[in-house]
Structure formats: C-alpha cells, structure tokens
Number of protein chains: 2
Amino acid sequence: MTLLKVGVLVSGRGSNLEAILKAVGSGVIKGAEVSVVISNMPDARALGVARRYGVKAVGLPSEGVAREDYDGMLVEALRRHGVEPGKGLVLLAGYMKMLSKYFVELYQGRIMNIHPSLLPSFPGLNAQRQALEYGVKISGCTVHFVVPEVDAGPIILQKAVEIHRGDTEETLALRILRQEHRIYPQAVKLFVEGRLKVEGRRTVAAR
Amino acid sequence: MTLLKVGVLVSGRGSNLEAILKAVGSGVIKGAEVSVVISNMPDARALGVARRYGVKAVGLPSEGVAREDYDGMLVEALRRHGVEPGKGLVLLAGYMKMLSKYFVELYQGRIMNIHPSLLPSFPGLNAQRQALEYGVKISGCTVHFVVPEVDAGPIILQKAVEIHRGDTEETLALRILRQEHRIYPQAVKLFVEGRLKVEGRRTVAAR
C-alpha cells in the first residue's frame, strides 16, 4: 500500500504540526506519512518539532524573495519529498505567508488550512483579537480547503469555542488552539481515507 | 415595585414571542410585563399568541406607509401602553421591517433582536439559507442590541448549532429556533435584572 505523502508548511511553533504528527504516529491517521516540513522562517520552532518526530525539516527563508519565485521553490522542495501535485497533500499549519494563485491551482483541492475563527467571521490576521473586539460570545476554529482568496475555501470541519468574561487574546487563542489540535487531525484523516467530497462550496464527509 | 414595560414587535408566527411570554408567566423573568405586541402584518399568527396570553395585540399595517411615518405610529402605540423611550424595552421577534434611525435612537440601548446565525456571519435575510449555501458546519443564533445598521449591534448572547448532513433550510431553521427560544428569554432576563453593561461593542453580563 502506498502512503499518501503529506507536506506541512509552517512559520511558527508548530503545535498543529505536532498534533498531526502524533495522529500519524499513533495510527489515528492511517495511510499517510508526513514526508517534509517546510518553514519560511528559518528559525521556527516547528522545524525542531519535525526533527523530533524524525521528519525532514527544511528551512526555506522567504524574506526578499518574490512570491511566485518562492512558491516555485516550495513546489520543488515538496516534489523532492514526494508531495506531488494531484497526489500529495499540503497542510498549512500556522504558515504566515500567502500562497500564490499558481501554487494553489497546482495543488488544487489538496491544500488545507486551519483558521482560529468560525469562518466566514474574522478571516485574515489576528482572528482572536478581531473576535474579542467585535464582542462575539462564541468563536472557534475552521479547517478548510485553500483557494486563492484568503480563508474563503470550502469548509471541512468547524468547532465552536465559548468566549469567557475576562478573556484576553492569549487565553482565547489557547482555548481555540486546543480545539484546533482535535479537528485538524480529524480533517486530515477524512481526506486520507478518501471520505471528503466537495460539492461547490460545500464539503460532505462520507460515512 | 414598578414592572418594566416590554413591547414586542412581530410579523410572523410569534414563536419567540411565546417563549418570552412563557418566561414572564412562569416567573423566570421577574420584574417585567409584556404590555403590548404590535404586528406590521395585520394577520400575523403572533397576534393570536399575544391574545392567548392576555396581552394587548395591535395590528398596525405597514404596507404603503413611509418608514418614518410608520415608526412614529409605532412609538405612539408603544407609549400608549407604557413602553416609554429611556424606560421600556422593545423586543423584535421575527419583525421583518427595518426600523428607522429615528426609532432606534429614541429607544437607544433598549431594543433587542434575535437573529438566526452567529453574527457577524450571515446578517440580513435568509440567514439559514446563507449558512447552508456557504457550507459552514456550525451556525447558531444571536441576541443583540439594535443599532441603525442591520444586525450589527452589540451582542448579548449567542448559541452555536451544528449543521447536519442533509439539512434543509427548514430542518436547520427549526434546530436553531429551539435555541432561540432559550437564549432570547435569558437575554431579556439579564436586561430586566439590570445586569447588562455595554462597553463599546462588547456587552458584559454582571453576575
């Protein structure tokens, strides 16, 4: 049986990366392997997480590189580790750089992202702060397929999280993060098992 | 002890109205009475609900009346039943007409609405259909203070509701409605007990 090759793009501490590596390592996600983790920030803690799990970690600095050029380098690095367009799966896990249309179309339907709000509310940066400033009582997190528009692709899974009185951006982010660590591996598992069907904007998970 | 006078504006079947009348009747909401229910649709079922609970029911057709003129008539009817600006509370319960800036400013901070989505997602009409078409996995309902902009005022309470596979607009609307019937009376209770404090966009409920 051929394993689905997964590439994870990161920029930060890699807690969602770790949740996925754990789910693969423990057999919750079967039939896939994370074959490369690529960070656009060369000193991201996530690269250390990857190495700790025995996964190839690549620092590929994006600073000063034009977006399309950078994404060309990304594609090259992904392919070198077997994450082929039309076959592999690309996961954004705290990846803070926008992908080019070129990249998104090349891996169309095979790129997932996790976002710390119940989309379509609060897309973009600082979603937790946006939620607190708006004054919502419930926020959450969303796993979605990536399309060229930011945080706008078909939604795979969502989880609601209550806002508590006295929440700061940090306490809310942490409460949401705990749910991110649950739903992101679940979403990857559904994909790997071939159970996700996208119909227009709607994603249906086969039983 | 003077009871807070509540006026409820309706257009339809009045199921949220009934939830509030029950909460007042059973003593869950203490210190308030619904003194008038006004419908802009003269044959709304909600008027019958009001009468069944012994509440004054007023049909005040809006068709063909300019918005400001109509809202002047509304104010007159509310005041006639003791729902005074700065003192009473106005509840929108399936009221399908936009209020004028004049009305909203007159009863500023004393008008609540319930909306069948987790605002700021899916404001406006057909929120359940919007949610299904967008493909979210979680929607819900929101009680908020009314400001001149539609569905944009400070949020008082929200409740998340899962979207099920195979949901239609009707099945989703019904599942959300069950939660509306819980949180709208809760929000009114907080108001009546003087426990709601608005700080900018954020509403804080004192314990």
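Miscellaneous remarks
- GNM flexibility winner over chain B from B:D43, B:D167, B:D71 (Cα, springs under 10 Å): B:D167
- Near A:D151, no amide H atom lies under 5 Å from its own; only residues 5 or more places off or on other chains count, and H is placed 1.01 Å from N.
- Reference-scaled alpha-carbon Rg (2.2 N^0.38 Å with N residues) for segment B:1-108: 1.00
- Gap separating the Cα centres of segment A:17-65 and segment A:76-139, nearest whole Å: 15 Å
- Distance violations [Cα-Cα > 25 Å] among A:K22/A:K137; A:K97/B:K159; A:K101/B:K159; B:K101/B:K197; A:K137/A:K189: A:K22/A:K137; A:K97/B:K159; A:K101/B:K159; A:K137/A:K189
- Chains B and A together, accessible area buried on both sides, 1.4 angstrom probe, square angstrom: 2300 Å²
- Counting Cβ atoms of other protein chains within 10 Å of each residue's Cβ and taking the mean over peptide A:201-207 gives 3.
- Area accessible to solvent at B:H115, 1.4 Å probe radius, in Å²: 10 Å²
- Most mobile of A:L91, A:L125, A:L47 in a GNM of chain A (Cα contacts under 10 Å): A:L125
- Percent of beta bridges antiparallel (DSSP, the protein assembly as shown, rounded to nearest 5): 45 percent
- Kirkwood hydrodynamic radius of chain A, from the reciprocal of the average inverse Cα-Cα distance over all distinct pairs: 17.2 Å.
- Considering only beta bridges that DSSP places wholly inside chain A, some 45 percent are antiparallel.
- Convex hull (Cα only) mean projected area of the protein assembly as shown, reported in nm² to one decimal: 22.7 nm²
- With Cα atoms, 0 to 90° folded angle of helix A:169-192 axis to chain A main axis: 40 degrees
- Copy A relates to copy B by a rotation, and the A residue whose beta-carbon is nearest that axis, with the distance in whole angstrom, is A:A160, 2.
- Sum of -39500 (n - 2.57) over DSSP H runs of 4+, divided by residues of chain A (222 nm, nearest 500): -10500 deg cm²/dmol
- Segment B:78-92 - phi-based ³J(HN,Hα) in whole Hz, Karplus 6.51/-1.76/1.60, Gly and Pro as x: 4, 5, 4, 9, x, 8, 8, x, x, 10, x, 10, 10, 10, 8
- Residue mean of other protein chain beta carbons inside 10 Å, B:106-119: 1
- Shown for B:G86: label points 7 Å from Cα along the beta-carbon vector, and their distances to the equivalent points in the other copies, 7.3 nm in ascending order.
- Entry comment: accessible area of chain B is 45 Å² per residue, from protein heavy atoms only and a probe of 1.4 Å.
- Shape summary of segment A:114-207, radius of gyration then Dmax from alpha carbon positions: 13.6, 42 Å.
- Note on A:M96: accessible area approximately 130 square angstrom, rounded to 10, probe 1.4 Å, nucleic acids and ligands left out.
- Among the residues of B:137-143, the average count of other protein chain beta-carbon atoms within 10 Å of the residue beta-carbon is 5.
The values are calculated or read from the model by the stated rules, or taken from the named source; none is laboratory data. Here the structure is a predicted model, which means the values were calculated and not measured. When we count neighbours, we look across all protein chains shown, and the Cβ atoms used for this are built from the backbone with ideal geometry, even at glycine. With ligands, DNA and RNA removed, areas are computed over all heavy atoms of the protein, side chains included. Shrake-Rupley method; radii C 1.70, N 1.55, O 1.52, S 1.80 Å.
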